[in-house]
Structures are given as structure tokens and as C-alpha cells.
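Scroll down for the structure; my scribbles are underneath it.
The values are calculated or read from the model by the stated rules, or taken from the named source; none is laboratory data. These numbers come from a predicted model, not from an experiment. Every residue, glycine as well, gets a Cβ built from its backbone with ideal geometry; the counts of neighbours run over all protein chains shown. Keep in mind that these areas ignore ligands, DNA and RNA; they rest on the heavy atoms of the full protein, side chains included. Shrake-Rupley method; radii C 1.70, N 1.55, O 1.52, S 1.80 Å.
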Amino acid sequence: MTTAVRKALPQGLDTGTMNRLGLWLFLVSDASFFLALISSRFFVVRLETPEDVSQILGLGLTILLLVSSLTAYRAEVAAEHGDQANFKRYIIATMLMGILFLGGVGFEWHEAYKHFPPSTGYGTILFTLTGVHATHVFSGVLLLGFIYFKGKNGAYGPDDYYPVEAAVKWWHFVDVAWVFIYPTLYLVQI
Amino acid sequence: MLTALWPLIRAIIWSAIGGAIGYGFASGLVTFTDPPQNLEVQISLAYVGALLGWLFGIGVWKYWGREWFGLKPDHNEIKGASRFFSFSIDHKVIGVQYLVTMVILFLLAGALAMLLRVELANGSQNLMNAEQYNTAMSLHGIIMIAVAVATIMGGFSNFVLPLMIGADDVAFPRLNALSYWIVPPVAVLLILTPFFGGFDTGWTAYPPLSTAANGPDGTLLFAFAFLTFGLSSILGGMNFLVTIIAKRAPGMTWGRLPIFVWSVFAAAIISLTATQWVAYGLIMIILERTTGMMFFAPTAIDAAGVGLSGGSSILFEHVFWFYSHPAVYIMILPAFGLELEIISHFTRKPVFAYKWVVRAFFAIVFLSFLVWAHHLFTSGMGQNLHGPFMLVTELISIPTGIVFLAALGTMWRGRMWLRTPMLFALAMVFNFSIGGLTGIFLADVATDINLQDTYFVVAHFHYTIVGGEIFAIMAALYYWYPKITGRMYNETLGRIHWAGMFLFFNMTFLTMFIPGVEGMNRRVAVYPETFNDINFVVSIFAFLMGLSMIPFAYNMANSWIRGDVAGDNPWHASTLEWQTTSPPPEENFEHEPEVFEGPYNYGRKRAQASQRPARTPAPAEGD
Ligand code: HEM
Ligand SMILES: [Cu+2]
């Protein structure tokens, strides 16, 4: 690899840098959407959180997602090192946790429908925030699945694992979003 | 001809298929709900399906999607006129697609305005019934807002910006094509609204009117249209930010960026972030309409008849203006850029206080996020917020004033070349100062309480958006016309257009301040008799302003076919887009350009052409 330094700006940074930059900007944009979501909670129901919100479920879902971020990270490292076995193992593990999370949200919806349906203030917020977030998780699972099928025969190596990096970065983003949504939905108390 | 339109036909077929799938799916879904819903769930999912089908058919699959599934993307580039009807990834084609679409929408919404003025020529109901008036008024508003947002950020930034920074294309060409092809469904949805009962909310769509259970389905179509349009804006904003950061030619340092590029950079930051807020606002409306959620309705009653806390209708106003105020800067910032750009080239002087202008742009971006609630002074928002929002709004006049002074400073003792673009740019300086000054009365709580929702507001924002932005767009259309088409527009017709538009624009909207101050409400078809005369006068001026669009439309269409060949650089301008042929070749420059100086180093004696501030290296042999 050459390390020649060009004085003048080269025509265009390389595609990899541009893709990274583009993804980061997209995340900034999406974060702005989540900010809007979160702020609406304080408008619609102020600081009110019903007693019968399942705290255990909320905490469990949070832990699940945090752990999945760790395995996603391991998958990325494995792809970078060309470690096929671990790449596959960790991607699968992450996807499973993602699917489990979606199941958890489904259960949450089932319960919530009885106590605070969407026609109440808290229900409105709960269904909207978890709904939008679950859609993100679902897209993350799809992306990881995609990466898995493309990469299972060794398509990614040390020089060429950007798709893995991008999918994993998306996954981390979705997790961080949950880290803000969780206290907003469950922990805020008067 | 049919082969040229084939991509469009394919897209229409696919959107029909997508729409049918969405409709069927929704119909299945609603059988589970009880009581059965109105048609809105079906309409929503049918639209989502149709949109996806449309994008799939127009070329997302052919040029892009195939790649994800390990197939080869089909890159056989279409040539000739049919590329304007296809998923072309050339930024120049996309720029033309945007510009032509937007000019057509502009003329269409302008025709609606003429209808509104017929209705408003006297205080009684004459031409339209109440619903028709509301729909015409709302459609005029939202279409013009779309034109104001996308003409510069989609049209000119696409065509000119990559050329100005010496790039071969934008950073993400396929995403760029996607951002454009998202726009036609928006137009179709809006045009369809009258067939779904119209919509009566104005472009601001405040609940509870926009979520009223007995309201027309047209409101839902409107919400989807605005939402889709927002997606296009977000993708465009991201694309231009990356393009400016990453695709500059050698030597094109940050300090050498043409001022228009800076203004797009600033506006793109707003598109990227603020647009998400209006998206959420519209999603809330859609959800409240289709699923009975309670974002806005103040209290809900549960099954047992117990009152539960519900939502807040002011929530929408906050979320909406958190986008829509910054959005006015998506419109005006690049218009400032165009104004300074053109004034500099036509006075042969560098942009005055270039660095301060750039700082002012970013100050405006920052402040624009902190002033939204000046639209809520009469909405029942907490009184303690009035003062701060008034203050911050008035603070924006400082950076805005810097831009204004820079325009004057650039002209100062310059020798102006009064061609049509320059005339429009000068008119913009004049008009916008009236728009800005009247904004102060609206920002001031004490006066705004009286002026809110009157024709004073209408006159104010027409001064800023039409007088400011649209005049700058006209200037830019004439300025870059030879670059885009390769042909020169007709100068006489251009000046007639300018004189008519400038004169009658001012007469229309200056007069409109009078009923405003006297308290005439906006968004009404029927008004007290005392306002009859003044409105009749406004209507006459408005028709005359409408007439001034005829020479414009004729000039644009006719000169494209019959105009004189313009040459590469008819204005002898120094920025990079003029250093290539008109229209530019597919790869933009024959050789990768290099930049040696800032963009506006006019007025120095230069020994040789090679000392021009920017050049493409000497042409190859035999050229
Ligand atoms: C330069 C300083 C400006 C100030 C101080 C200002 C202030 C205001 C205020 C306080 C209002 C709310 C009036 C009300 O509803 O009672 C308003 C309305 C409006 N302004 Fe401005 N403005 C300025 C510039 C602009 C610019 C540059 C644009 C667009 C390019 C613009 C577009 C609008 C629009 C569209 C509305 C009305 C929105 C609606 O209710 O439909 N303004 N302005
Ligand atoms: Cu505003």
C-alpha cells in the first residue's frame, strides 16, 4: 500500500469514506426522528407512567439488546480477521437476540392492549415508540440476514468488510436508540 | 416515443400491482378490527404498496437492487431525450428533471392562485363552494412549498453544484435518482386529493381539523404526500453534504467554495435533521386517523367510561414548526447564495465579506432551530415562552442583515451589467428587505397577537418566499439557462417578464398588507363587505402578475429549441461550471479541473488565460 501524500485535494475521497460519511449523516437524521418521538412522550402524558407497566419485561428487553450489540461487535471483528466460523456464529446469535426482542415487544403489545390500549395517552406513546423502534430492529435483522447469506462463503475479508461494518453500525444505532427509549417509556416517574 | 416512455409505463404497471397488494393486505387486516374501520387503512397501505412498486418499476431494481442479490446491475445507459424519463444517474439529467417538474408545478399552483383571486375578488361566494375553495387554497399552499423547497435544493444544486466544485457527479448518484423519482408520486397524490373529498386544513394541517373523524380522506393523501416529499428532501440533503465534503476538485479548498455551495451546505444540514420532525408530525396524523391513537385529542374515555389523559393539540404545532420554520431557511439560504453569486458575477466584484457571509449562514442554521414557537403566540402556548422566542427570532436579523449588507457591499461602486439575471437578483434584494422588515412585526408578540392569521402574514411570507426566493430562482434560471440548454434565452422577453413580475408582485402584495392590518382573516372565501374594494384591486394586480408568467413560460420553452447557441461562458464568469462546454459533457469536464484561486477574483489584470482563477488543464491536441 502506498502512503503518498497528495498536497492538493484528490478528486473525491474514496468510496469507502463517502459511504461511511453518508451512513453517519443518515444516523444523525434518524436520531433526530427519535428525538421527536421521545419528546412527544413528555407532551402527551407528561411524566405519567402507569403502575402496571411490566418493569421486568422492559429491563429484560434492554439487557437483551445490549448483549446483542456485543455479539454484533464480535461478528464485525471476526469478519475483519477473516474468521469465518466466528463471523457466522456471532451474526446468528445477534439475529436470534433481535428476533427474541421482537417477540418480547409482541408480548408487550399483547399485554399493553389490555391495560392501556392505543386510544389512551400512554398507550399511544408506548405503541408508537416501540412500534417505530421495532421496525428498526426488524430492518436490522433483515440486514444481518443479508450479510450472513452474502458472507457465509467468505465474501468478506480484511480489506472488504464494509457491508458488515455498516450493518453492525446500524445495529448499534438501533440499540442506542433503545437505551433512550427505555427510560422514557418505563422509568420516568412523577 | 413509446420506447422513450417505457420506464414510466413499467413503473405505472408496478405501482398498480403494489397498490393492489397493499389494498388487499389492508382489507385482510381490517377484518380483525372491531368496529370495522373506514377506508383509510386501505388507502394508506395501498399507497405504500404503490409507492414501492413505482420505485421498483422505475429502475431501483434494474440499476440497484439486482446488485444486492448478486446479479449484475443493468447499466445500459439510455441516451437522448428518453433519459429524462428514466432512472438516469447523471446529476445534470436529474437537475433538469427537477427543474422542469418544479416549473410545471409552479405554473400549476400559480393557476390555482388565479382561481383563488377570482373567488376573493369580492366578499361573497361566487366561483367555488367552501370545500372547493379550501382545497384550492390548501393545494396552492403545499405545492408552492414543495416548489420552494425543491427547486434550488433539487434542481440547481443537482445541475450546478457538482460542476461548481469540479466533481464528476454527486457522491451517491443512484440515491440522487431515487430522491427525484420519489417526487412524482407526491404530485400525483396531491392532484388526486380533490377526488377524495379534497382537504381543508391548509398546508399546516393543524389538528383537530386534520384528524377530524368526519373530515375528508383527502387529508390522508395530503399527509402521505408531504411525508414522501420529506423523504426526498432528507436523502437529497445527505447526498449534497457528502458531495461537498468529499467530491471537491484538487485545489477547491473550503475557502474557495463558491458562495452558492456554502449556502446549499448550510441548507442541507437543515433538510437532513429538521425534516424528520415534520415526518413525525404527519405520521402522528396518519396514526390518529387510521388507528384511533390519541396524540392530539385532549381526553379519551376508556371502555368503562373513565376519562383517561389523552394528547395535546399543541404538540402538533410544536413538531410541525420545528421543521417548518427551519424549512423557510432551506428555501431562503440557497436563495441568498444565488443572489450573491449572481450579483458578484454581474458587477465583476468578489462577494463582499465572504467569510462573514459563511459565518452568517451557519449562525442562521443554528438560530433557525430556536425560533419555531413564534408561530404559536396565539395558540395557547405558555406565556413565559413568548419573550424568549420573540428575542431569538429578532436575533436572526443580525446574520440576515450581514447577508443583506454583503449584497450591497458587492454592488458598491461596481459596474453593474443589467441583464435579466442581475435584474432579478436586484429585485430580490429589494423584495426581501420588505419581507424581513414585516417579519419583525410578526416576531413582536404585542403586534403579532393582532396580526396572526390575517392577510398581513400572507403578504409577509409572499414577500419572503416569492419576492425573495422565487425571484432568486428566476435570476438563476436565466443565469444558468445557457449552461443547461446550451442556448441563450431571449433577453427582451426576459426583461418584459422581469418588469411585469417585479411591478405587479409588489403591487399585489404591498396592497395585501392593508386588509391584513385591518384584520381580514386569511384562509376564508367569504369576508365582510368593507374589504371588497381592496380585494378587488389585489385580484386585478394578481392577474397581471399571472400574465407576466406567459413571456417567461414561452421564453423558456421556445429558446430551448430556437435560441441562439450560447457558447461556453456567455457571462465571462469565473466559477468552474463556466469552464466547460454548454451543456457539459457526460463526465462534466474533459480533464480533471484544478483550482488556483478563490472563485471571484475579478478586477485583476491577468496576463494569460492560464491565470484564470479556475481552469481545466490545456485541452488535448487537435481540440
Ligand atoms: C427575516 C426575518 C423573518 C422574521 C422575523 C419572520 C417572522 C415570522 C413570524 C413571527 C411569523 C408568524 C406569523 C404569524 O403566524 O402570526 C412568520 C410567518 C411566516 N414566515 Fe416569516 N419571518 C422572517 C423571514 C421569513 C423567511 C425568510 C421566510 C421564507 C423564505 C418566511 C416565511 C414565512 C411563512 C411561510 C410564514 C407563514 C406560515 C403560515 O402560517 O402559513 N419568513 N414569519
Ligand atoms: Cu417562522
Crossing angle, helix A:15-44 versus chain A [Cα axis fit, 0-90 degrees, rounded to tens]: 10
Prolate/oblate/rounded label for chain B (Cα gyration tensor, a/c 1.5): oblate
Relative packing of B:446-454, B:290-298, which averages over residues the other C-beta atoms within 10 Å, highest first: B:290-298, B:446-454
Electrostatic dipole magnitude of segment A:54-187 [Cβ: Lys, Arg +1; Asp, Glu -1; Cα centre; debye, to 20]: 260
Whole-percent carbon and sulfur share, accessible surface of chain B, 1.4 Å: 69
Restraint check, B:Lys72/B:Lys92; A:Lys169/B:Lys62; B:Lys92/B:Lys247; A:Lys150/B:Lys72, Cα-Cα greater than 19 Å: B:Lys72/B:Lys92; A:Lys169/B:Lys62
Two-site FRET efficiency, A:Leu96 against B:Ser27, from Cβ-Cβ distance with R₀ of 45 Å, rounded to 0.05: 0.85
Calculated on alpha-carbon atoms, Rg and Dmax of the protein assembly as shown in Å: 27.4, 89
Cα gyration tensor shape of segment A:54-187, rounded if a/c is under 1.5, else prolate or oblate by comparing a/b with b/c: prolate
Average partner coverage of B:536-549, which counts Cβ from other chains inside 10 Å: 0
Helical mean residue ellipticity (222 nm; -39500 (n - 2.57) per DSSP H run of 4+; nearest 500) of chain A: -26500 deg cm²/dmol
Estimated FRET transfer efficiency when R0 is 45 angstrom, pair A:Arg46-A:Phe146 (beta carbons, to 0.05): 0.65
Packing-based ranking, highest mean first, of B:152-159, B:498-505, B:176-183 given that Cβ atoms within 10 Å are counted: B:152-159, B:176-183, B:498-505
Cα→Cβ-extended label distance, 7 Å offset, between A:Tyr73 and B:Leu547, nm: 7.2
q = 0.17, 0.25 Å⁻¹: log10 I(q)/I(0) that the Debye formula gives for segment B:428-515, counting C-alpha atoms only: -0.72, -1.18
Average partner coverage of B:311-318, which counts Cβ from other chains inside 10 Å: 3
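Within a 10 angstrom radius of each residue's Cβ in A:148-154, how many Cβ atoms of other chains show up on average? Whole number is fine. Let's see the in-between values first.
Values: counts 0, 2, 3, 0, 0, 0, 0.
If you average over the peptide's residues, the count of other-chain Cβ atoms is 1.
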Helix A:162-182 vs. chain A, principal-axis angle (Cα, 0 to 90°, nearest 10): 20
Zone of A:His81's modelled label, taken as backbone nitrogen in segment A:127-164 under 13 Å from a point 7 Å along Cα→Cβ: A:158
Interface size B-A, as summed buried accessible area [1.4 Å probe, Å², nearest 100]: 3200
Pairs of Cα atoms farther than 16 Å apart, segment B:1-68, %: 53
Neighbour net charge for B:Gly218 - beta-carbon separation under 15 angstrom, K R +1, D E -1: -3
Inter-site label distance for B:Ser82 and B:Gln383 at 7 Å from Cα along Cβ, in nm: 6.9
Selection of trypsin sites (Lys or Arg not before Pro), segment B:83-140, meeting DSSP coil and at most 15 other Cβ within 10 Å: none
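Using a/c under 1.5 as the rounded threshold, could you call segment B:1-157 rounded, prolate or oblate? The axes a ≥ b ≥ c are square roots of the C-alpha gyration tensor eigenvalues, and prolate needs a/b larger than b/c, oblate otherwise.
In terms of gyration-tensor shape, oblate.
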Using a Förster distance of 25 Å, the FRET efficiency for A:Tyr162-B:Ile17 (Cβ separation, nearest 0.05): 0.15
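Mind checking the per residue accessible area of chain A for me, 1.4 Å probe, whole number of Å²?
Working: 9300 Å² over 190 residues.
The answer is 49 Å² per residue.
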Highest-MSF residue in chain A out of A:Thr120, A:Thr71, A:Thr15 [GNM, Cα springs under 10 Å]: A:Thr15
Segment B:516-531 and segment B:376-425: distance between their alpha carbon centers, rounded to Å: 28
Between segment B:210-245 and segment A:108-174, the Cα center-to-center distance that results, in Å: 23
Accessible carbon and sulfur surface of segment A:10-114 relative to its total accessible area, %, 1.4 Å: 69
In degrees, nearest ten, helix B:386-395 long axis to first principal axis of chain B (Cα): 10
Highest-MSF residue in chain A out of A:Thr49, A:Thr94, A:Thr130 [GNM, Cα springs under 10 Å]: A:Thr49
CD proxy at 222 nm, helix term only [per DSSP H run n ≥ 4: -39500 (n - 2.57); per residue of chain B; nearest 500]: -20000 deg cm²/dmol
